[in-house]
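See below for the structure under consideration.
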Amino acid sequence: MGLPESQHIGKILIDPKDPKVVYVAALGHLYSQNPERGVYKTVDGGKTWQQILKVDDYTGAVDMAMDPRNPNVIYASMWQRDRRSWDFLESGPGSGLYKTTDGGKSWKKQTGVPSGDAAGRIGLTICASHPDTVYAFVDNQSEDEDWPDIDEVTPGGRLTARRFMHLNEDTILQIDKAKLTTFLHTYVRDMDVDDILKQIKDKKMTIEQLHKQLKDAATNVFGPQTGAELYRTDDAGKTWGRPDRGQFGPFGGYYWGKVWVNPSDANDVYVMGLPLLRSKDGGKSWESVYRRAHVDYHAVWNDPRDPRKVWVGNDGGLYLSYDGGTTMRHLNNLAVGQTTTVAVDDKTPYNIYTGLQDNGTMKGPSSYRPGVSDPELWKEVNGGDGAAIAVDPRNGGDTVYVGYQFGEMNSINAVTGNSYSVRPPFVRGDAPQRFNWISPIIISPSSPDILYVGSQRLYRSFDMGHRYKSISPDLTKNKPDGNVPYSTIKDISESPLRFGLIYVGCDDGNVQMTQDGGYQWVNVSTPAPDKWVSRVVASKWSEATVYVAQSGYREDDFAPYLWKSTDFGKTWKSIVANLPNETVNVIREDPSKRDVLYVGTDMGVYISFNGGTSWEILQGNLPNTPVHDLVIQPTANDLVIATHARSVWVLPLSKVLSITPDLRKTDLKMESVDDVSSSTTWGYDRKERWDASAPRSPRITADFWTKDPGKAFIRIKDKSGKVVKEKAFDAVRGFNTVILELELTPAKPVVKSKIKITKADDAFLDPYLANRATYVPIGEYKLELTVGTKSVNQTWKVTK
């Protein structure tokens, strides 16, 4: 509908009196500046757009609220922020709150609400039953003069950033060391707590010096920011005030930044952060609600027909309450997981492991079918944000190595339940470790006892992660970090053909190679030496061959970058070929076909049958979705993908890999369809019976190949050529499956009160059910398939 360079939409408002009038809050590009951001309006249903509010190329619109009495009255929040791979600035001078009363012809900046350098994201909500009441939830980055005298909403007894800043040289020595270690390692993972305490005790370090270390590591937590604040107006923006003078502290921030008010009660307001807070007195006092739900809240909605019916969305999915939040249901049946990584074992059926955004690492059987299988078959293996996964091939995969954010990694044995950390320890004297958000861990194809883990250096363990040795210097460009670790190893691959031939790819573009287990390293970066390396794969077919996928996503560059070298990285050839303009996240070789390659992009999956000379999409019934990882389960010959929006999908590869040049030339080919045996149980509703299984409805399934897509028909014809049963559908190019029900006439309703069905009566039911459905009768038929002008047929029977 237009605005292609807006790229990110914060809010859409539709005029309730004229649906052709639409307002859009456009955030703009994520990693760069562009002019197509701000508030846009269309009066012709999206045919044309007018930019009605703009600050500058750095500032976008993130939220809006419309007065239900007058759709020309709109509040809009503008947000200036700047993001890089290594840094994120959450506020800027362009941020602020604006109001229009004439449908966007003119705007007035609101006073009484933070704006300017320190103003971050602002969430808005308006009360439908009292539209003069508007709330603004502000991420205020300004310095707080009272900090750290005001604590955030935190249960007593827990060490928090604000409470920590109250400690002095005496009181810090009285803190429980386990609690102190957990707290400090949250922000500086490699900090030697024993050494810190000894230095403070010996007066070789001051508490101010420790404060500075933490502020340098996590400025947004330990700096004196005001933090999240709630502002309210009851006179449609003429004046604004803060109902609660206390701050929420680090509760809020850019990741949440939403506020909601009950449409029937202006004093019933929710603010969204790590927890969900609710006030029933207009923001004067707060309580944490939905405590048994997942954390990180992003959406709340009251049903206007029944305000006690509350829908809540967070990083754990969707929750529903019918009593205003006292009790809730987790509607955990939506395939909307943001899966990032995927691995498989060799059990029967094999298990799929996937790392999810804020939902840990989960394990489920490949036989799982949504809506049919028990959801409890999917089990959590590890917590946090699920990251790299490596499955020990011994015993089918009893042991699995799983990671979560910034290099935390564990070994977990499914049989014994034993687990231990496999994160390489910090070595005193070394530079601090830098781990990527998704830090790599792999098992050597030469021995399952050997592990490799990457920070900015490569570590190797010969004993399943109990002890490590660094086998490299810093392999990155060692660019300066901001508030996000950067210049880190993103991927590792060891040749399946030679132990010690190892490649690593880094987020700053470096590709490094060693042929001798780490004694000598060579920079073999691609012709795109500064692009984020999303994947590096040493070939299983040729010792000298290696593949590299790269991403320009973090520069707002969506071009594909895909390379192949056949001389250990000395020279590179692009194998992008006909891939579309989509970021490439992963590449894999097929384990059984030498020249077959698969890639996952930000929109789907592609296959090459000729080593990357050309590509075809593996769309099937897969929605357009980012594919962040993929793996082939060789025993089952399945392709398993991790999509970052629609959970995990599986594609059997037998048909895909059966495509030959001769088949490509074939117009239409139908595989043999099995004959069907007639049964007296056809049509009985088994749910009315003692076994409680599904209704029995006879059908046939036809698989076929068509060179061209088009309108298709499958028909059952008798010996005279008369059509007994047919079905029309649309066929796509390639392989198709069509199901044809054998029912000819449906059953008529049965007066159940007149017939008592028991198992003993089963053999005598037919006389009482003369009005049952009818089906294709016993006999020999011609099964005919037509696509466009092409037809094929085969003989097919219904037998006794």
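Restricting attention to the range 639-668, which residues are more than 30 Å from GLN338 (Cβ to Cβ) and either surrounded by 15 or more Cβ atoms within 10 Å (Cβ to Cβ) or among the aliphatic types (A, V, I, L, M) (or both)?
Within the range 639-668, ILE659, LEU663, LEU668 meet the criteria.
Does any residue of the range 247-256 turn out to be at pLDDT 95 or above, of a type in the set (S, T, N, Q) and open to solvent by less than 50 Å² (accessible area, probe 1.4 Å)?
no
Mind checking which residues of the range 395-437 are assigned to a loop (DSSP other than H, G, I, E, B) and under 18 Å from GLY364 (Cβ atoms)?
GLY397, ASP398, ALA414, VAL415
Given the residues ARG467, ARG498, ARG535, which is the only one that is modelled with pLDDT of 95 or more, basic (Lys, Arg), under 29 Å from the mean Cα position of the chain (by Cα) and over 17 Å from TYR31 (Cβ atoms)?
ARG535
Give me the pairs, please: first residue somewhere in the range 314-327 and under 11 Å from VAL300 (Cβ atoms), second residue anywhere and surrounded by fewer than 16 Cβ atoms within 10 Å (Cβ to Cβ), beta-carbon distance under 6 Å, and either six or more positions apart or on two chains.
The qualifying pairs are TYR319/HIS330.
Of everything in the range 644-654 that's part of a strand (DSSP E or B) and within 21 Å of PHE735 (Cβ to Cβ), which residue is nearest to the chain's Cα centre (by Cα)?
TRP649
Restricting the range 324-354 to residues that are of a type in the set (Gly, Ala, Ser) and within 19 Å of LEU651 (Cα to Cα), which is most open to solvent (accessible area, probe 1.4 Å)?
The selected residue is ALA335.
Hey, does the range 77-88 have a residue that's in a loop (DSSP other than H, G, I, E, B), at pLDDT 95 or above and either farther than 30 Å from LYS531 by Cβ or not acidic (Asp, Glu) (or both)?
Checked against the condition, which is being in a loop (DSSP other than H, G, I, E, B), at pLDDT 95 or above and either farther than 30 Å from LYS531 by Cβ or not acidic (Asp, Glu) (or both), the range 77-88 yields no hits at all.
Could you say which residue among THR613, THR583, THR571, THR601 is under 20 Å from VAL524 (Cβ atoms) and either within 20 Å of the chain's Cα centre (by Cα) or open to solvent by 10 Å² or more (accessible area, probe 1.4 Å) (or both)?
Exactly one of THR613, THR583, THR571, THR601 is under 20 Å from VAL524 (Cβ atoms) and either within 20 Å of the chain's Cα centre (by Cα) or open to solvent by 10 Å² or more (accessible area, probe 1.4 Å) (or both), namely THR571.
Suppose we filter TYR606, TYR553 for residues that are modelled with pLDDT of 95 or more, among the hydroxyl-bearing types (Ser, Thr, Tyr), open to solvent by 10 Å² or more (accessible area, probe 1.4 Å) and closer than 20 Å to TRP437 by Cβ; which single one remains?
Exactly one of TYR606, TYR553 is modelled with pLDDT of 95 or more, among the hydroxyl-bearing types (Ser, Thr, Tyr), open to solvent by 10 Å² or more (accessible area, probe 1.4 Å) and closer than 20 Å to TRP437 by Cβ, namely TYR553.
Check whether at least one residue in the range 163-173 is surrounded by fewer than 19 Cβ atoms within 10 Å (Cβ to Cβ), over 20 Å from ILE196 (Cα atoms) and at pLDDT 75 or above, and report yes or no.
There is no residue in the range 163-173 that is surrounded by fewer than 19 Cβ atoms within 10 Å (Cβ to Cβ), over 20 Å from ILE196 (Cα atoms) and at pLDDT 75 or above.
What number of residues within the range 660-708 satisfy the criterion of being at pLDDT below 90 and among the acidic types (Asp, Glu)?
So the answer is 3.
What pairs come out if I take residues in the range 123-136 that are open to solvent by less than 10 Å² (accessible area, probe 1.4 Å) and pair them with residues that are modelled with pLDDT under 95 and in a loop (DSSP other than H, G, I, E, B) whose C-beta lies under 6 Å away, six or more apart or interchain?
GLY123/GLY257; ALA136/VAL113
What are the residues in the range 392-411 that are surrounded by fewer than 22 Cβ atoms within 10 Å (Cβ to Cβ), within 22 Å of LEU458 (Cα to Cα) and at pLDDT 95 or above, if any?
ASP392, ASN410, SER411
Kindly establish whether GLY46 is touching a strand residue (DSSP E or B) at 6+ places or on another chain (Cβ under 8 Å), assigned to a strand (DSSP E or B) and not β-branched (Val, Ile, Thr).
No; evaluated as a whole, the condition is false for this residue.
Looking only at residues that are surrounded by fewer than 17 Cβ atoms within 10 Å (Cβ to Cβ) and of a type in the set (Ser, Thr, Tyr) in the range 700-751, which one is farthest from LEU622 (Cα to Cα)?
Among those residues, the one meeting the criterion is SER720.
So, in the range 627-638, exactly how many residues are within 14 Å of VAL599 (Cα to Cα) and buried (at least 21 other Cβ atoms within 10 Å of the Cβ)?
Matching residues across the range 627-638 total 5.
When only residues in the range 457-492 that are open to solvent by 20 Å² or more (accessible area, probe 1.4 Å), touching a residue at least 40 places away in the same chain (Cβ under 8 Å) and hydrophobic (A, V, I, L, M, F, W, C) count, which is nearest to MET409 (Cα to Cα)?
MET464
Quick check on this structure: which one of GLY454, GLY500 is without any contact (Cβ under 8 Å) to a residue 60 or more places away in the chain and on the phi > 0 side of the Ramachandran plot?
Just one listed residue meets the conditions, GLY500.
Scan (1) more than 21 Å from ASP345 (Cβ to Cβ); (2) in a loop (DSSP other than H, G, I, E, B) for the single condition LEU657 breaks and write down its number.
Condition not satisfied by LEU657: (2).
I need a count of the residues in the range 237-246 that are at pLDDT 95 or above and either open to solvent by less than 20 Å² (accessible area, probe 1.4 Å) or in contact with a Leu (Cβ under 8 Å, 6 or more places away or on another chain) (or both).
Final tally of qualifying residues: 1.
Quick one: which of LYS204, LYS212 is among the basic types (Lys, Arg), at pLDDT 85 or above and either farther than 21 Å from MET272 by Cα or out of contact with any helix residue (DSSP H, G or I) (no Cβ under 8 Å at 6 or more places or on another chain) (or both)?
Among LYS204, LYS212, only LYS204 is among the basic types (Lys, Arg), at pLDDT 85 or above and either farther than 21 Å from MET272 by Cα or out of contact with any helix residue (DSSP H, G or I) (no Cβ under 8 Å at 6 or more places or on another chain) (or both).
May I ask you to verify whether ASP430 is surrounded by 14 or more Cβ atoms within 10 Å (Cβ to Cβ), among the charged types (D, E, K, R) and either more than 25 Å from ASN359 (Cβ to Cβ) or more than 23 Å from the chain's Cα centre (by Cα) (or both)?
Against the criterion (surrounded by 14 or more Cβ atoms within 10 Å (Cβ to Cβ), among the charged types (D, E, K, R) and either more than 25 Å from ASN359 (Cβ to Cβ) or more than 23 Å from the chain's Cα centre (by Cα) (or both)), ASP430 does not qualify.
Of all residues in the range 93-112, count the ones that are under 22 Å from ARG81 (Cα atoms) and assigned to a loop (DSSP other than H, G, I, E, B).
7
Restricting to the range 9-58, and then to whatever is of a type in the set (Phe, Trp, Tyr) and in contact (Cβ under 8 Å) with a residue 60 or more places away in the chain, can you tell me which residue is farthest from TYR553 (Cα to Cα)?
Going through the qualifying residues, I end up with TYR23.
The values are calculated or read from the model by the stated rules, or taken from the named source; none is laboratory data. This structure is a prediction, so every number in the text was calculated from the model and none was measured. As a convention, Cβ positions derive from the backbone with ideal geometry for all residues, glycine included, and neighbour counts pool all protein chains shown. We work out accessible area using only protein heavy atoms, side chains counted, and drop any ligands, DNA or RNA first. Shrake-Rupley method; radii C 1.70, N 1.55, O 1.52, S 1.80 Å.
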